[in-house]
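**Q** Got a structure for you, written out below as structure tokens; questions coming shortly.
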Amino acid sequence: MENFNYYNPVKILFGKGKIYELAGEIPENARILITFGKGSIKKNGIYNQVKEVLEDFTTFEFGGIEANPTYETCLEGLGIIKDNKIDFLLAVGGGSVLDATKFMAASANFSGEDSWEILSKEAVVESAVPLGAILTLPATGSEMNGNSVITRQKTMEKLAFSSSEVMPQFSILDPEYTFSLPQRQVVNGIVDAFVHVIEQYLTYPVNSPVQDRMAEGILLTLIEEGRKAMEAEMPDYSNRANLMWAATMGLNGLISVGVKQDWTTHIIGHELTAFHGLDHAVTLAIVLPGVLYQKKSERKIKLLQFGERVWGIKEGSDEVKLNKTIQETEAFFRELGIQTKLSEHNIGNKTIERIMNRFKDRGIEKIGMQQDIELEEVRYILEIQL
Ligand code: NZQ
Ligand code: ZN
């Protein structure tokens, strides 16, 4: 195992009715900006609950944050923060609302000229407006990490930054808040969380049985509970609770300590969203099988372990087992109703060329945290999934 430091200060309030503890988590006299998306919280009643619990506080609102949140929208929110001397941000929504709120929190205290540099030039986030979160869509892990992914409409770029300064002070996770999710978003959440775990687990062995078994436990939970969620006629509390906690555990940093991470699938997937607006999880379901086929010799040890422990694949030659493992993974995404081929989304070689050119323009020679994927391999990865 490699050396690591681990610190996660996010307080989690998990379970039914936890909203009633919200007021106790926010500093007295805070000037709060409640941020939210395109209106789901108004339809499912969460908005009213939040307003009721915060009736003794000074609150302002910023709604309309879109899925795959944009820099342009964040600038609008930033104006409200500055004009109203906001000193606490409360994000109520899915990963997009949380990510946008984190970026606004960092931008408000940014001393440089343009906070886009946090994303484009990795400008350091020295401080941020404190924030809390009420999660309504389990998927990204944004509720318990310092990551944020923002799209710039003008240039069609989707970039990520990470800073402990924007970790929420608390996150409320009430599984009942997910009951109003459309099936498509439930599935997206399962696939996103699944691929987060894979990106931190399916690389190279470093003798890390605790992290490996935790990762495998989350993957098995997502498969079992994911299938239950698909079959259920009505949302089931335990099922949603397990999915919610699995997604949080998938990207709160715990399973990545001391091991070799990758993130190639996400890096390439972000380009598919940037160019074609595909849902984040859909891009991952397309790209991951391509990455695994392309790297199956190099990542053989972990792939065989994953195949055996998660999919129960024990018979046949290594080559047979490796292929079966990747097929099972892709079949799971398809079973959830996600189309995993580029052609199924009317995407072809032209987009592959655009992605290659974009990486070349950025001066990228190798992709992923292990730097084991040459730029030209990105083309093969995508061609496998045409
Ligand atoms: O906008 P509203 O009306 O709220 O509707 C949203 C949106 O249309 C809806 N929704 C959310 N909760 C709901 C609900 N509808 C009914 N009932 C509820 N309870 O769902 C739609 C999608 O929401 P969004 O927040 O976009 O989804 P998700 O949580 O999957 O977030 C995706 C974004 O997170 C980024 C992605 O790139 C993408 O931009 N990621 C963030 C990460 C992080 N911060 O660590 C890591 C991830 O890898 C990912 O990149
Ligand atoms: Zn993701």
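**Q** Restricting attention to the stretch 249-271, and to residues there that are assigned to a helix (DSSP H, G or I) and within 13 Å of ligand 2 (Cβ to nearest atom), which single residue is nearest to Met356 (Cα to Cα)?
**A** Taking the candidates together, the pick is Ile268.
**Q** Right, another one. Return yes when Ala106 is part of a helix (DSSP H, G or I), more than 16 Å from ligand 2 (Cβ to nearest atom) and either outside the structural domain of Ala229 (by TED's automatic domain parsing) or among the aliphatic types (A, V, I, L, M) (or both) and no when it is not.
**A** Against the criterion (part of a helix (DSSP H, G or I), more than 16 Å from ligand 2 (Cβ to nearest atom) and either outside the structural domain of Ala229 (by TED's automatic domain parsing) or among the aliphatic types (A, V, I, L, M) (or both)), Ala106 qualifies.
**Q** Still on this model: From the list Ile34, Ile26, which residue is under 23 Å from the mean Cα position of the chain (by Cα) and assigned by TED's automatic domain parsing to the domain that holds Ile86?
**A** Going through Ile34, Ile26 in turn, the sole match is Ile34.
**Q** If I ask for residues that are of a type outside the set (A, V, I, L, M) and over 22 Å from Gly189 (Cα atoms), which ones from the stretch 282-306 would you list?
**A** Across the stretch 282-306, the qualifying residues are Tyr293, Gln294, Lys295, Lys296, Ser297, Glu298, Arg299, Lys300, Lys302, Gln305.
**Q** Also: Within the stretch 24-41, does at least one residue satisfy the condition of being closer than 22 Å to Ser148 by Cα and within 16 Å of ligand 2 (Cβ to nearest atom)?
**A** no
**Q** Please list, ordered by first then second residue, the pairs with beta carbon atoms under 7 Å, 6 or more apart or interchain, first in the stretch 259-274 and on the phi > 0 side of the Ramachandran plot, second modelled with pLDDT under 95 and more than 13 Å from ligand 2 (Cβ to nearest atom).
**A** Trp263/Gly368; Trp263/Met369
**Q** Could you pull out the residue among Ser343, Ser297 that is under 27 Å from Glu374 (Cβ atoms), in contact (Cβ under 8 Å) with a residue 12 or more places away in the chain and either surrounded by fewer than 21 Cβ atoms within 10 Å (Cβ to Cβ) or of a type in the set (Gly, Ala, Ser) (or both)?
**A** Ser343
**Q** Could you tell me which of the residues Thr140, Thr155, Thr178 is within 9 Å of ligand 1 (Cβ to nearest atom), more than 10 Å from the chain's Cα centre (by Cα) and β-branched (Val, Ile, Thr)?
**A** Unique residue meeting the criteria: Thr178.
**Q** Continuing with this model, one more query. Go through the stretch 254-273 and give me each residue that's crowded, with 21+ Cβ neighbours inside 10 Å and of a type in the set (D, E, K, R).
**A** Asp262, Glu271
**Q** In contact with a helix residue (DSSP H, G or I) (Cβ under 8 Å, 6 or more places away or on another chain) and crowded, with 18+ Cβ neighbours inside 10 Å: which single residue out of Gly368, Gly348, Gly337, Gly316 fits that description?
**A** Gly368
**Q** Mind telling me which of the residues Ile81, Ile65 ends up being closer than 18 Å to Arg152 by Cβ, among the hydrophobic types (A, V, I, L, M, F, W, C) and in contact with a helix residue (DSSP H, G or I) (Cβ under 9 Å, 6 or more places away or on another chain)?
**A** Ile65
**Q** Related question: Given the structure, is His276 crowded, with 22+ Cβ neighbours inside 10 Å and either at pLDDT 95 or above or touching a Cys at 6+ places or on another chain (Cβ under 6 Å) (or both)?
**A** no
Residues checked against (1) closer than 23 Å to Pro289 by Cα; (2) within 15 Å of ligand 1 (Cβ to nearest atom); (3) among the charged types (D, E, K, R):
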{"residue": "Asn188", "(1), (2), (3)": "yes, yes, no"}
{"residue": "Leu222", "(1), (2), (3)": "yes, yes, no"}
{"residue": "Glu233", "(1), (2), (3)": "no, no, yes"}
{"residue": "Tyr237", "(1), (2), (3)": "no, yes, no"}
{"residue": "Ile255", "(1), (2), (3)": "yes, yes, no"}
{"residue": "His266", "(1), (2), (3)": "yes, yes, no"}
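**Q** Could you count how many residues in the stretch 82-122 are among the small types (Gly, Ala, Ser) and out of contact with any Ser or Thr (no Cβ under 8 Å at 6 or more places or on another chain)?
**A** So the count comes out to 6.
**Q** Among the residues of the stretch 197-253, which ones are crowded, with 20+ Cβ neighbours inside 10 Å, closer than 17 Å to Leu137 by Cα and acidic (Asp, Glu)?
**A** Correct list: Glu225 only.
**Q** Same structure, new question: Can you tell me which of Val129, Val124 is away from ligand 2 (no atom under 16 Å from the Cβ), β-branched (Val, Ile, Thr) and within 17 Å of Pro9 (Cβ to Cβ)?
**A** Just one listed residue meets the conditions, Val129.
The values are calculated or read from the model by the stated rules, or taken from the named source; none is laboratory data. Since the model is a prediction, treat every value here as computed from it, not as a measurement. Glycine gets a Cβ as well: all are built from the backbone with ideal geometry, and neighbour counts include every protein chain shown.
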